[in-house]
Amino acid sequence: MPFRPFFLLTALDALLAVGLWLPVLLGWDVSGVIADPAGWHGRALLFGTLPAMMAGFLRTALPRWTGQPLVGARLWPLLVPPWLAGRALSPWVATAHAPFLAALALLVTAQVVAARDRRNAIVAALVGALAGAALCDAVPAALALSLGLVMLLGGRIAPSLTATHLGLSSKAALFTGRPWFEHAAALAAACALAGWLAAPNSGTTAAASLLAALMQTARLLQWRGWRTLDRSSVLAVHAAYACVPLGFAAVAASPGMAVHFWTVGALGLMGFAVMASMIRKHAGNAFGRSAVVTGCYALTALAVVLRAVAAAAGEDGPLWLLAAAGAWSAAVVLFLVAFGRLLVRGRPNCSTVNQN
């Protein structure tokens, strides 16, 4: 299981990054440990937690996507020490995650170049740009780039999982791909995100974001997510992607709320769904049913709602924030209950496969 150390670190860090936020919400003074808790929280998730998940996913998916053996296979485990160093130094050094992300970008680029794979050149470019954002401590730009990866990879994962679940030969049997529409949707999203970064409260940004919301919604609907209502593992991917257009729609009304649809929903829920799907596939139980895993998805979705409510709750916001943090933490615990032993041991057994 090549993703094993990265997914385990992702889950543990997802618990830590929000768990350390709880004392702040309870009114405790943590300035002696973390000078800027809010800033650290954002960096922790965008430069630490999410990239760890990306490393595990790309380490596993790139050979299949490129059709070539993994370049520098022995170097991928060496990403763990710089990731750990970045997490240890991040409360005091804002750019501490840049070395890990730069190394990840180099390995992804090496794989793409060796395979002469133009299709995945955009993946390498986005990971490289994320490393640049970490070096410049550009948190909003990191969120925009991470969303770009979700839209790109979600467009592959969601229809493929849906087609497999429905017993179809390929995603081409699920819907008719239209390259012109894909390019137009990507351009609309890029323009909306650029506007959100430059002038989040402008009317032009609001109009561009509404257009992006409509096009991303149309993109999502063509994948027929309603046909997966009986399979939470696939439905969770569609639900996570739905947070992308929800975030764009929220930009027009509340730019701050959009951040939470994107971070907790599009990135958080998608992360749990993708990791669970990949772990199950390698355990020989790709579409298994588990109340524990379904509970993880449900609690993450609840955290999305609670975090969005907190953004509009005024004086009661801290209470809703506390509830959202609790739902998120409980979701991570359920994920670890379902897959923690498998990620630690690295070898599936009959009981693990049957339960998860």
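The values are calculated or read from the model by the stated rules, or taken from the named source; none is laboratory data. Here the structure is a predicted model, which means the values were calculated and not measured. Glycine gets a Cβ as well: all are built from the backbone with ideal geometry, and neighbour counts include every protein chain shown. Each accessible area value is taken on the protein alone, full model and side chains, heavy atoms only, with ligands, DNA and RNA left out. Shrake-Rupley method; radii C 1.70, N 1.55, O 1.52, S 1.80 Å.
Numerical summary
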item: Which listed residue, of R227, R178, R219, is touching a residue at least 60 places away in the same chain (Cβ under 8 Å), open to solvent by 30 Å² or more (accessible area, probe 1.4 Å) and charged (D, E, K, R); result: R227
item: Failed item in (1) in contact with a Cys (Cβ under 9 Å, 6 or more places away or on another chain); (2) within 23 Å of W328 (Cβ to Cβ); (3) not β-branched (V, I, T), with L211 passing the rest; result: (2)
item: Matching residues, the stretch 181-193, being closer than 17 Å to A144 by Cα and open to solvent by less than 70 Å² (accessible area, probe 1.4 Å); result: A185, A186, A188, A189, A190, A192, L193
item: Criterion: open to solvent by less than 50 Å² (accessible area, probe 1.4 Å) and at pLDDT below 80 - qualifying residue of G42, G19; result: G19
item: Residue in the stretch 312-331 that is charged (D, E, K, R), assigned to a helix (DSSP H, G or I) and touching a Ser or Thr at 6+ places or on another chain (Cβ under 9 Å) present; result: no
item: Where L79 falls short, out of the listed (1) open to solvent by less than 30 Å² (accessible area, probe 1.4 Å); (2) in contact with a His (Cβ under 9 Å, 6 or more places away or on another chain); result: (2)
